[in-house]
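Below: one structure, written as structure tokens.
Derivation of every value follows stated rules applied to the coordinates shown; laboratory data play no part. Not measured: the values here are computed from a predicted model. Cβ sites come from the backbone with ideal geometry, for glycine too, and all protein chains shown count toward neighbours.
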Ligand SMILES: [Zn+2]
Ligand SMILES: [Zn+2]
């Protein structure tokens, strides 16, 4: 399933500021709101799509990840990349920000009707951050990591309600469970209806007369969860992925926070990463460099045989096409670069010394770089191409 570009969905430029994004989303939210389009499935999809785009683009971190990595940046799995999208509760909980405090969404639609869910405040769990260490091989191929996470989960005694038992958990009498109270005032323009957060239940719509003793009414306790994290190929040190809803739980059926995954690279014993490329330092003796040979070099994909041509100079860079790291969310792949070093013996026996001194006299052993030799700078330039 290909996903539409978030900027296209909201109809804004990539350079749009916070205000433009908000205002564009507000228009779409009103246009496609389910209360205005009852039974219209297409409108509902558009409504959800816009909410998701707004959720990403209104958050500077998520937006940066999206700009950099596309849809994969915010979808370690279970996120929007998995096709899950946002649920309606998530969307309505966003509206507090969009339509401003003191103006719950429902008032835009004349109140009543689809009201309740818009007005009720939904508790939100906090985000959780973890680090995941990856080898170069795992980065190259992408990997599923199962990680045991210590986090806040719903309290097992009260099932997250925070109440001691069923009889101590009531719908709020003040607001009848809607989380908001209406007041009608007379003004010179006529009657005006204002809506505000219910003071008794703080907008949650429920009242607890006796608190759960396990969690002291919080509805949460410490627990463990094993989470499977799908890491796309090509991630790098310092990159963050997020899994929506996998962070700390929220009390009373609220929305859990996100799990933020910070990527750490474990250094490889013989290969070095440079962006999408992988670098290998190869050492050969000058006899092999002179006569040519074939050597095995490690790659992120097992061993590879490469040919060393007779007369190879030190400093030559051999390129193994496509043996590097793939770019996140793309078919583009880096190369492996094999840097040829000529090994100079650090100690020699008397016998070797004699042989070498004999060779030294041969005209072939006198350095005579010609036009076919690439300069150091040419080689460096080639490498960066
Ligand atoms: Zn409890
Ligand atoms: Zn209330």
- Approximate spin-label separation residue 307-residue 377, in nm, with each point projected 7 Å along Cα-to-Cβ: 3.3
- Cβ-based exposure ranking for 282, 259, in which fewest neighbours within 10 Å come first: 282, 259
- Item | Degrees between helix 350-361 axis and first principal axis of the chain (Cα, 0 to 90, nearest 10) | 80
- Post the alpha-carbon centroid distance, segment 318-336 to segment 2-73, in whole angstrom. 33
- Task: Work the Kirkwood hydrodynamic radius out for the chain: mean of 1/r over every pair of different alpha-carbon atoms, inverted, in Å.
- Result: 26.1
- Task: Distance between Cα centroids, segment 163-210 to segment 244-292: provide it in whole Å.
- Result: 51
- Task: Between residue 283 and residue 361, with labels modelled 7 Å along Cα→Cβ, what's the label distance in nm to one decimal, could you check?
- Result: 3.2
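What list do you get for 340, 348 if you sort them by fewest beta carbons within 10 Å?
On the way: 340 20, 348 11.
So the ranking, lowest neighbour count to highest, is 348, 340.
Gain in length, residue 327 to residue 343, computed as 0.36 nm per residue apart minus the alpha-carbon separation, to one decimal in nm?
Details: separation 16, 0.36 × 16 = 5.76 nm, distance 3.42 nm.
Going from the current span to full extension adds 2.3 nm.
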- Item | Residue-averaged [θ]222 nm for the chain, counting only DSSP H segments that reach four residues, each worth -39500 (n - 2.57) | -7000 deg cm²/dmol
- Item | q = 0.17, 0.24 Å⁻¹: log10 I(q)/I(0) that the Debye formula gives for segment 237-335, counting C-alpha atoms only | -0.88, -1.25
- Message: Testing the spin-label approximation: label points 7 Å from Cα along Cα→Cβ at residue 144 and residue 18. State their distance in nm.
- Response: 3.9
- Item | Degrees separating the helix 18-32 axis from the principal Cα axis of the chain, which is the longest one | 60
- For segment 272-384, compute Rh as the Kirkwood radius over C-alpha pairs and then the Stokes-Einstein diffusion coefficient at 20 °C and 1.002 mPa s; write the answer in µm²/s, rounded to an integer. 133
- Query: Which of 128, 359, 57 moves most in a GNM of the chain, Cα contacts under 10 Å?
  - Reply: 359
